[in-house]
Amino acid sequence: MATTTGGGLIVDILSAEGIEKVFGIPDGTYMGLLNALETRGIDLVPPRHETTALHMAGAYARLTGRLGVAIASNGPGVANALPGVVVEQAEGNRVLLITSSRRTGITAPDRGGAYQYFDQVATIGPAAKWSEAAREVGRIPALARTALRASYTGRPGVVHLDVPENLMNGKAREAPVLSPDRYRPTTPLAPDPAAVARVADLLAGASLPAIHAGGGAIHAQAHEQLATVAEALYAPVTTSWSGRGAMSEASPLVWPITAIEATTKVRTSADVILVLGARIGETDWWGKAPYWSDEQTIIQIDIDPSSIGRNKAVDLAVISDVKVFLEALAAELKSRQAPSDERRRRVDDLIAEREADATKLTKHLEDQSVPMNTAHVPNTCMKVLDEDAIFVTDGGNTAVWANFFLRVRTPNTLLATPHFGMLGAGVGQALGAAEAFPNRQVCCIIGDGAFGFHPQEIETAVRNGSRIVFLVVSDRQWGMVKMTQSIARHPVKMMIRKQLGDDETINTNLGEIGYDAMARSMGAAGERVADPGLLRPALERALAHDGCTVIHVDVDRAKHLWAPGLMHFKRMHQEPGG
Ligand SMILES: Cc1ncc(C[n+]2csc(CCOP(=O)(O)OP(=O)(O)O)c2C)c(N)n1
Ligand SMILES: [Mg+2]
């Protein structure tokens, strides 16, 4: 039989899985893998920090519904990949991380004093869905298949395959390559038809049914099916932070998480709630009163049995892929009664209340002072960018402002780290989005603090020819932290004066960086805007530019602190009474 390397055995499997891109920094310790990627025509897309590779793979996976693959090299490369592993696992993005480690003579067992060595599996294991090291080259294919089986079973997340350099680069006998359906689930988990009929009875018979969609609805790419079911039932759809974008917000039936009080109203008014791919965690108030009713019927659909009834007890649970479930439910609903006029009236009243609340935000847009009110940044994006543009939000208050003024018009076009709130991850996510959809607009609205974690990746965007617009919101402070400190330390003074003196908070100021000049030094285009009237033309130039642009946006430092909804978000992190 012909020979290959351990890395070659892995790449044979990646190729059979249809992988087209791998994200990571090259290194001599996995030459076997890199050579095979080249031979197989799989692109290596290298960022400048390993954690960025994880975020690129995670964003790519979430947007395309495919597997994101990242690589990192032994010791420091893997240490740098760690935060990305933690975040992508928390966000539930389907990522395979392949790492090299030192040769087996050093690693099994640890001799002490080895260079660039730590027990990578012992460190990543508790943070990932699955993590194993290869010990014997002949078993690499079976181990890689086990990693993929784990990846495609239950809630998505990060699986990690660690391969010592002597196995990765050493000679191996070629092994038969199986098609994926011979070693892992390739068709989505279907529901029990009797359970679907029961769900249809409960929803059709409810006086006010509602749907709560979590990140699982996005991972299942159930957008169309969700819209069909919501319209058939005329049911309000609330979205968790991670589930935002599961259905287009062009529909009046969708409540984004930023409609905080209106969402609470839906959840306390509904007598039956269909929970789709959501664990009802902290930012959904753990499903507790006074934000949810204690008396309603809860139906939960999840691909992962361990998510059922986790935070809120259920009356009916169905283990299923969300998309397949909704397809079956839509078919069942055809033979049930249509929504009553009474239900329609109640839902229309809820919609009217939500829209009345939203008009409170327009005062920010009337403010034309210079430097600008932060609201203009996302609002101008809404006017200029395509309906299917992909947005990334990152930063403290910057992300809050963006979330209030952005609307998700096309499903699955909003990326963030809603579970982990990882500053800086947005840079890698934007790079991953541009790799997933090179022909769509990608726009990252990011705080200056957040951007400062990974500014060197602008060179990555330039090198990879990625057309991304970064809007760096420059308030020269850790804005959200300054706000929290200000209220905690001098609440009365803060309420009256709206900002405190520089020495009244603990180290919350940042120095000046010219992000436009920095971008130009890396070959990107750079713009700097403080006047809200000049933002639109700057954005239009950026979108017309065949490459990456960084727009440094100077915002009003004091007004930036008063982002919408802050008090609600603070309360969200406290245990609700119910
Ligand atoms: C990696 C990381 N470190 C620290 C924090 C804590 N934190 C949350 S918001 C924030 C300030 C963010 O500042 P910036 O990105 O400039 O956004 P702004 O609030 O000023 O809009 C910090 C430090 C975090 N979420 N992530
Ligand atoms: Mg800031």
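The values are calculated or read from the model by the stated rules, or taken from the named source; none is laboratory data. Predicted model only: the values in this text are computed from it and were never measured. For neighbour counting, all protein chains shown are included, and Cβ atoms are generated from backbone atoms with ideal geometry for every residue, glycine included. Please note that ligands, DNA and RNA were not included when accessible areas were found on the heavy atoms of the full protein model with its side chains. Shrake-Rupley method; radii C 1.70, N 1.55, O 1.52, S 1.80 Å.
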Practice item. Could you look through the range 260-280, keep only residues that are open to solvent by 20 Å² or more (accessible area, probe 1.4 Å) and at pLDDT 95 or above, and pick out the one that is farthest from K570 (Cα to Cα)? Key: D271
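Restricting the search to the range 436-445, which residues are outside any helix (DSSP H, G or I) and either of a type in the set (D, E) or away from ligand 2 (no atom under 16 Å from the Cβ) (or both)?
F437, P438, N439, R440, Q441, V442, C443
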**Study point:** Subset of the range 117-127 [more than 14 Å from D162 (Cα to Cα) and touching a residue at least 24 places away in the same chain (Cβ under 8 Å)]
**Key:** A127
Practice item. Just need a number here: residues in the range 221-255 that are open to solvent by less than 20 Å² (accessible area, probe 1.4 Å) and touching a residue at least 40 places away in the same chain (Cβ under 8 Å). Key: 15
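Condition check ((1) outside any strand (DSSP E or B); (2) in contact (Cβ under 8 Å) with a residue 60 or more places away in the chain; (3) in contact with a helix residue (DSSP H, G or I) (Cβ under 8 Å, 6 or more places away or on another chain)) across all residues:
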{"site": "R279", "(1), (2), (3)": "yes, yes, yes"}
{"site": "S306", "(1), (2), (3)": "yes, yes, no"}
{"site": "A317", "(1), (2), (3)": "no, no, no"}
{"site": "V324", "(1), (2), (3)": "yes, yes, no"}
{"site": "R343", "(1), (2), (3)": "yes, yes, no"}
Study note, to complete from the structure: Residue hits (the range 352-372; touching a Pro at 6+ places or on another chain (Cβ under 7 Å) and surrounded by 15 or more Cβ atoms within 10 Å (Cβ to Cβ)) are L361, M372
Exercise for review: Return the only residue of L54, L37, L33 being more than 28 Å from F391 (Cβ to Cβ) and touching a residue at least 60 places away in the same chain (Cβ under 8 Å).
Suggested key: L33
Check your understanding: Just to be sure, is I390 open to solvent by less than 20 Å² (accessible area, probe 1.4 Å), within 16 Å of ligand 2 (Cβ to nearest atom), in contact with a strand residue (DSSP E or B) (Cβ under 9 Å, 6 or more places away or on another chain) and modelled with pLDDT of 95 or more?
Key -> no
Check your understanding: Quick one: in the range 446-488, which of the residues that are among the hydroxyl-bearing types (S, T, Y) and not in a helix (DSSP H, G or I) is farthest from ligand 1 (Cβ to nearest atom)?
Key -> S466
Revision key, fill the gap. Filtering the range 427-446 for residues that are under 17 Å from the mean Cα position of the chain (by Cα) and free of Cβ contacts under 8 Å to residues at least 60 places away in the same chain leaves a count of 4
Review point. Where in the range 39-137 are there helices (runs of 4 or more DSSP H), lying wholly inside it, with at least 1 residues that are at pLDDT 95 or above, over 23 Å from the mean Cα position of the chain (by Cα) and surrounded by fewer than 21 Cβ atoms within 10 Å (Cβ to Cβ)?
Key: 76-91, 120-124
Check your understanding: Within the bounds of the range 10-30, is there any residue that is touching an Asp or Glu at 6+ places or on another chain (Cβ under 8 Å), in contact (Cβ under 8 Å) with a residue 40 or more places away in the chain, small (G, A, S) and open to solvent by 20 Å² or more (accessible area, probe 1.4 Å)?
Key -> no
Exercise for review: Check Q429 against each of (1) within 16 Å of ligand 1 (Cβ to nearest atom); (2) over 20 Å from M522 (Cα atoms) and name the one condition it does not meet.
Suggested key: (2)
Review point. Is there a residue being surrounded by 21 or more Cβ atoms within 10 Å (Cβ to Cβ), in a loop (DSSP other than H, G, I, E, B), more than 16 Å from ligand 2 (Cβ to nearest atom) and among the small types (G, A, S) anywhere in the range 425-435?
Key: no
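Can you tell me which residue within the range 453-468, out of those that are more than 16 Å from ligand 2 (Cβ to nearest atom) and open to solvent by 60 Å² or more (accessible area, probe 1.4 Å), is nearest to L406 (Cα to Cα)?
R467
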Point to revise | Enumeration of residues in the range 324-337 that are open to solvent by 80 Å² or more (accessible area, probe 1.4 Å), at pLDDT 95 or above and more than 30 Å from the chain's Cα centre (by Cα) | key: K334, S335
Check your understanding: Out of all the residues in the range 469-477, is one or more in contact (Cβ under 8 Å) with a residue 40 or more places away in the chain, away from ligand 2 (no atom under 16 Å from the Cβ) and either of a type in the set (D, E, K, R) or open to solvent by 30 Å² or more (accessible area, probe 1.4 Å) (or both)?
Key -> no
Review point. Taking the condition aromatic (F, W, Y), buried (at least 24 other Cβ atoms within 10 Å of the Cβ), within 20 Å of the chain's Cα centre (by Cα) and under 21 Å from G65 (Cα atoms), does F420 pass?
Key: no
Check your understanding: Somewhere in the range 369-386, is a residue more than 20 Å from D556 (Cα to Cα), outside any helix (DSSP H, G or I) and either within 16 Å of ligand 1 (Cβ to nearest atom) or not small (G, A, S) (or both)?
Key -> yes
Check your understanding: Here are some residues: T460, T413, T393, T417. Which one is touching a residue at least 12 places away in the same chain (Cβ under 8 Å), among the β-branched types (V, I, T) and out of contact with any helix residue (DSSP H, G or I) (no Cβ under 7 Å at 6 or more places or on another chain)?
Key -> T413
Check your understanding: Which is out of contact with any Asp or Glu (no Cβ under 6 Å at 6 or more places or on another chain), under 29 Å from A433 (Cα atoms) and within 16 Å of ligand 1 (Cβ to nearest atom), of A563, A558?
Key -> A563
Review point. If you take the residues in the range 499-520 that are surrounded by 12 or more Cβ atoms within 10 Å (Cβ to Cβ) and away from ligand 1 (no atom under 16 Å from the Cβ), which one is farthest from W401 (Cα to Cα)?
Key: R520
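Please indicate, with yes or no, whether at least one residue in the range 522-540 is part of a helix (DSSP H, G or I), within 16 Å of ligand 1 (Cβ to nearest atom) and crowded, with 18+ Cβ neighbours inside 10 Å.
Restricting attention to the range 522-540, the residues satisfying the condition of being part of a helix (DSSP H, G or I) are 532-540.
Within this subset, residues satisfying the condition of being within 16 Å of ligand 1 (Cβ to nearest atom) are none.
No, there is no match, as no residue in the range 522-540 is part of a helix (DSSP H, G or I), within 16 Å of ligand 1 (Cβ to nearest atom) and crowded, with 18+ Cβ neighbours inside 10 Å.
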Practice item. Evaluate the following for T549: is it within 16 Å of ligand 1 (Cβ to nearest atom), within 25 Å of V370 (Cα to Cα), at pLDDT 95 or above and among the β-branched types (V, I, T)? Key: no
